[in-house]
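> Before anything else, here's the structure in question.
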Amino acid sequence: MASLTGIRGAIYFPTHSHNHYQSWAAYDPAVAANDLDYAKRLNLNAVRVLLSYHWWRENRRAFADAFDDFLLKAENRGIRVLPVLFESIGEQPTKPRRRPTGDAPPLKSPAGATIRRPWRWDGPRKFTRWVANRCTDPQVVLALEIMNEPGEYEPRVQFVQEMLSVARETTPNVPLTVGCKDIRLNTQFSDPGLDVFQFHMNLPPTEKQARRQIRDAVTFARTHGKPVWLTEWQRLRRSPRSKLRPNYASLAPIIRESALDGDFFWQLMLKPAYMRKQRKKGRINGLFHADGAVFSASDANALAKLPQTESRGDTAADSVDWTERQKPPKEFDAGGN
C-alpha cells in the first residue's frame, strides 16, 4: 500500500463552481491544469475533490472524460487525488438547483429520499463500482472517501457502510475512508473498517484548543492503529484579521508541527463560502485567485513551508514571489470588504 503519511493537501473546487455538480458539469481541462500547478507551488501532494453522482447519472461520458483528465493531470504533477463520492451537506439536489453555472447552493448527494430507502441504492452502488474501477492505483488515488460528514444519522451510516463494502470488493488495494467531522465517528464503520481516520477542525477558537483537539484525535487514531488526516481546516476563530476572510497563517504552524499523518485546508481556490448562510454574510475562503495571485502572501508562505526534514534547512516558500491581491474574487458578489 502506498504511503498514507506525509500528506499535504487542499480541498479543490474550481473558482467558478459552488458545488460538486458545477465542478464536473462545467469542467475545463485548462483551468484544472492551472489550478493543479498552483497546488504544486504550495508543495502540496494531494487534493480532496467532491465527485458528482448526479452529473454522472446525467452524462456519464462527459463525467468520465473529465474525471480521467483530472486524474492524469494530477498524476503528472505528483499530486494524489482523494475523491469524495457522496456529500451529506447542502440542499436537496432538485433539478432547478442542478445548474452548471451561476449562483447555486451546496447539494446533497444522493438525495435524502434515496438515503432513507435502501431499495433505491442500486444507482449509488453502480456509481461506487464505476469510480472504484477507475481508481485502482494507490499511487494516483490516495484513498476513496465514501461520504463527507455523514454524521450519526442511522440511514446515512448504513448507506455509507454499504458503499464501503461495494468499494472494498471492487478495488481491495485502495484505502477507504469517510469524512467524519468528529474523530470518534470513524468507529461507526466496520466490516470493512476504515484504513484512515478523518476529522474536521475548521474554526477552532484558540491555539490551545486547536492543539488539544489535534492531540486527542491523534491519540484516538493511534489507539485504533490507524493513520489520521485532518481533512478540513481554515483558521483560528479568534485572530486579528476579519472573521470573514482567510487566515491560514494563524493555524498552519500548529498543524505542521503536529503528529498528524496528513491535512487538507479549505480551500485551494479563493471563493465565496460553501454554505449559503455564510456566503450571504460575505465570508470567503481560499488562497488563489483564478489568475494565480494569492489573497495573502503570509498565508501562502505558511501553507507552502516544508518541515526541516524535507527542506534540509531551506524554506521553499521563502523563495516564491507571490503576487498578493487582498480582494474578493471579481467573478462573485462575495459581500463585505
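Laboratory data are not the source of any read-out in this text; all were calculated from the coordinates shown. Please read all numbers here as calculations on a predicted model, not as lab measurements. Here the Cβ positions follow ideal geometry from the backbone for every residue, glycine too, while neighbour counts run over all protein chains shown.
> At what distance in angstrom do the alpha carbon centres of the range 212-255 and the range 84-98 lie from each other?
27 Å
> Mind listing the phi-derived Karplus ³J(HN,Hα) values for the range 82-98, rounded to whole Hz, using 6.51, -1.76 and 1.60 with θ = phi - 60°, and x for any glycine or proline?
Here the 3J(HN,Hα) series is 10, x, 10, 6, 9, 10, 8, 8, x, 9, 5, x, 5, 4, x, 7, 8 Hz.
> From the helices alone, meaning DSSP H stretches of at least four residues, give me the mean residue ellipticity at 222 nm for the chain, per-run term -39500 (n - 2.57), in deg cm²/dmol to the nearest 500.
-10000 deg cm²/dmol
> Then there is this: Of all the Cα-Cα pairs you can form in the range 55-187, what percent are over 17 Å apart?
61 percent
> Considering the dipole of the chain built from charges on the beta carbon (Lys and Arg +1, Asp and Glu -1) around the Cα centre, which of Gly90, His289, Pro329 is farthest to its positive end?
Positive-end residue among those listed: Gly90.
> Please rank Phe220, Phe288, fewest neighbouring Cβ atoms within 10 Å first, as an exposure proxy.
Phe220, Phe288
> Let me ask something else about it. The range 7-319: D in µm²/s via Stokes-Einstein (Kirkwood Rh, Cα pairs, 25 °C, 0.890 mPa s)?
125 µm²/s
> Which residues among the range 38-79 fall inside the zone where the amide N is under 19 Å from a point 7 Å beyond the Cα of Ala111, along Cα→Cβ?
52-60
> Ranking request for peptides 55-61, 39-45, 266-272, 191-197: highest mean number of other beta-carbon atoms within 10 Å first, then the rest in descending order.
Most protected by this proxy first, the peptides run 266-272, 39-45, 191-197, 55-61.
> How many percent of the alpha carbon pairs in the range 7-93 exceed a separation of 15 Å?
Every Cα pair in the range 7-93 considered, those over 15 Å come to 56 percent.
> Using +1 at the C-beta of Lys and Arg and -1 at the C-beta of Asp and Glu, which of Cys135, His224, Ala252 has the Cα lying farthest in the positive direction of the dipole of the range 7-319?
Ala252
> In the chain, what percentage of the DSSP-assigned beta bridges are antiparallel, given to the nearest 5?
Percentage antiparallel, nearest 5: 10.
> Reachable lysines from Lys305, Cα under 30 Å, same-chain residues fewer than 8 places away excluded?
Once the sequence-local lysines are set aside, what remains near Lys305 is Lys40, Lys73, Lys181, Lys208, Lys226, Lys243, Lys271, Lys327, Lys330.
> Same structure again: Can you compute the charge dipole magnitude of the range 161-256 about its Cα centre, using +1 on each Lys and Arg Cβ and -1 on each Asp and Glu Cβ, nothing else charged? Give it in debye, rounded to the nearest 20.
900 debye
> Given charges of +1 on the Cβ of Lys and Arg and -1 on the Cβ of Asp and Glu, with all other atoms neutral, how large is the dipole of the chain about its Cα centre, in debye to the nearest 20?
The calculated dipole for the chain is roughly 1180 debye.
> Rank the residues Val320, Val81, Val228 as a footprinting-exposure proxy: fewest other Cβ atoms within 10 Å of their Cβ go first.
The most exposed by this proxy come first: Val320, Val81, Val228.
> Fewest Cβ neighbours within 10 Å first, please rank Thr231, Thr101, Thr177, Thr15 accordingly.
Sorted ascending by nearby Cβ count, the order is Thr101, Thr15, Thr177, Thr231.
> Put +1 on the Cβ of each Lys and Arg and -1 on the Cβ of each Asp and Glu in the range 4-154; which of Leu144, Pro118, Gly9 then has its Cα farthest toward the positive end of the dipole?
Pro118
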